[in-house]
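These notes are about the structure you will find just below.
Since every read-out is calculated from the coordinates, none of them should be taken as a lab result. Since the model is a prediction, treat every value here as computed from it, not as a measurement. Methodologically, a virtual Cβ is constructed for each residue, glycine included, from the backbone with ideal geometry; neighbour enumeration extends over all protein chains shown.
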Amino acid sequence: MKLPLTGIIPPIVTPLISNTELDIQGLKNLIDYILGGGVHGVFLLGTTGEATNLDYNLRKEFIYSACEFVDKKVPVVVGITDTCLQGSLEIAETSKDAGADALVISSPYYLPISQNEFVAYLEEIVPQLSLPFMMYNMPSCTKMHMSVNTVRKAKELGAIGIKDSSGNLPYLMSLIEEFKDSPEFAVIAGTEMFIPETIKNGGHGAVPGGANIFPSLFVELYDASVKGDTEKIDYLRRKMTEIEEKIYNVGAHSSKYIKTIKSALSALGICSDFVAMPFHQFDTVKTTLIKQNMKEMSILEPVHKSQFKT
């Protein structure tokens, strides 16, 4: 795997038929679709992938199947964050066996963890990992916002980068500034609208959930940002605002982000919209609204249901 990681690395959804069964054909469809859109990597078992709602056997099957379908065309990184150290190590070992390229670590969740406790946790887990690892700052879910000093210590332990999903642009810029003299350490945005600022200031890419639905749009935005094409950036940002208004804003709860992406993918004929417990997929009213909004949007990818098996 070439370092630093760069480009658009979608945090793919986990296509499901039920709480215990993968939508295998849907997963293949999704990976073929995003690779066809030109993405630069694939992130498994992130927040968008519902990792915390899946049992270990299902996570393992997902990792093996996804790595098989990607077939080394782009790097694959796998989220291993868990409340249990041994659980993280178990998924890490599966990731290595399946042929993944790197692991992604966030802070264990439920009870808030301090910066010092998290560094001590990294000192325990990192020597037991057999793949490179990067950090994942997701304070809205983990209740811990990684300080720049904590990220620096993670790098000293071997971290190859960080995905920041704090939504805090000044913090993201401070990470870029801190590691500007470390060319192999990737600073990657989790907030879609920050892609141009990230690249302009020396960051390396993004992990946008919307790239599940519109992979080539996000690849174009990344390319335009690398080239400094402000006119195209402004145009694509207007398209992203349309996605926000007509897709992400359907629904009223925190889980709507996962539900809207899966519903949109189902409308495209790519995979099932089943959402793992404790959540549920949208009801008929919202599903119909997503389908209608998708038809009205002027940014649909060149995709036809006939190209996918169901």
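Miscellaneous remarks
- Cα gyration tensor shape of the chain, rounded if a/c is under 1.5, else prolate or oblate by comparing a/b with b/c: oblate
- Residue among T81, T288, T198 with the largest mean-square fluctuation in a Gaussian network model of the chain, springs linking Cα atoms under 10 Å: T288
- Scoring 70-78, 86-94, 7-15 by mean Cβ neighbours within 10 Å over their residues and listing the highest first yields 7-15, 70-78, 86-94.
- With both residues required to sit in the chain, DSSP beta bridges show an antiparallel share near 10%.
- Here, region 111-190 has an Rg and a Dmax of 12.0, 35 Å when only alpha carbons are counted.
- Those lysines that a straight Cα-Cα span of less than 20 Å connects to K227, excepting residues fewer than 8 apart in one chain: K180, K200, K239
- Highest mean first, the peptides 161-171, 249-259, 214-224 sorted by other C-beta atoms within 10 Å per residue fall in the order 214-224, 161-171, 249-259.
- Angstrom value of the Kirkwood radius, inverse mean 1/r, which spans all Cα pairs in region 4-138: 15.1 Å
- With 0.36 nm allotted per residue and the present C-alpha distance subtracted, the E21-S174 stretch has 50.9 nm of extension available.
- Ranked list, fewest to most other Cβ atoms within 10 Å of each Cβ, for R59, R238: R238, R59
- A helix-only calculation puts the chain at -13000 deg cm²/dmol for mean residue ellipticity at 222 nm, using -39500 (n - 2.57) for each DSSP H run of at least four residues, averaged over all residues.
- The count of lysine pairs in region 38-153 whose Cα atoms are under 23 Å apart, excluding pairs fewer than 8 places apart on the same chain, comes to 6.
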